[in-house]
Amino acid sequence: MKKLKILVPLDGTEKSINSIKWLKDFFNKDDISITLMNVVETVLTNKMVYPTPNSISNDYGNLAEESKLVLDTAIKELEGYEVEKFSILGYAAKEILKKANEDGDDVIIMTKCNKKGLYRLIGSVTSKVVRNAKVSVIVIPN
């Protein structure tokens, strides 16, 4: 039997771990393969526009370490499951949709965003993924 391929984007918040808890309640570990994903959001800072020696590599190095920590923490929750981890630099919604398409994922499971103000006007990552995904998206309330 073919395993269901599930993509779980995580942003490092405690709320995003709710996706994993929900997944464990609703899917048998022998029936799924999971890709945990963390997108390091691309934000241009003055140091990046006018870099000092090594400032860009140091910034990205720190972000890469934070991303690794997010994914390693989540993997501990999924002991016994078939899990792959993936981290990338970019715009979250765009990278999540791209990964799901490239890997042929069957489902994306992510938590609902509670951002307010400008983020709400622009649209959350979750909203963008729901509107543009070619596969089912399960949104877990926080």
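The values are calculated or read from the model by the stated rules, or taken from the named source; none is laboratory data. Because the structure is predicted, anything quoted here is derived from the model rather than measured. As a convention, Cβ positions derive from the backbone with ideal geometry for all residues, glycine included, and neighbour counts pool all protein chains shown. SASA here: full protein model, heavy atoms, side chains in, ligands and nucleic acids out. Shrake-Rupley method; radii C 1.70, N 1.55, O 1.52, S 1.80 Å.
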So which residues in segment 77-110 are open to solvent by 20 Å² or more (accessible area, probe 1.4 Å), closer than 18 Å to K24 by Cα and touching a residue at least 60 places away in the same chain (Cβ under 8 Å), if there are any at all?
E77, E82, D106
Quick one: would you say K128 is assigned to a loop (DSSP other than H, G, I, E, B) and either over 29 Å from K2 (Cβ atoms) or modelled with pLDDT of 90 or more (or both)?
no
For segment 55-70, pairs from a residue that is modelled with pLDDT of 65 or more and exposed (fewer than 13 other Cβ atoms within 10 Å of the Cβ) to a residue that is in a helix (DSSP H, G or I) and β-branched (V, I, T), with Cβ under 8 Å and 6 or more apart or across chains, are none
Does segment 1-22 hold any residues that are aliphatic (A, V, I, L, M), buried (at least 17 other Cβ atoms within 10 Å of the Cβ) and assigned to a strand (DSSP E or B), and which are they?
I6, L7, V8
If you go through segment 23-40 one residue at a time, do you hit one that is part of a helix (DSSP H, G or I) and modelled with pLDDT under 85?
no
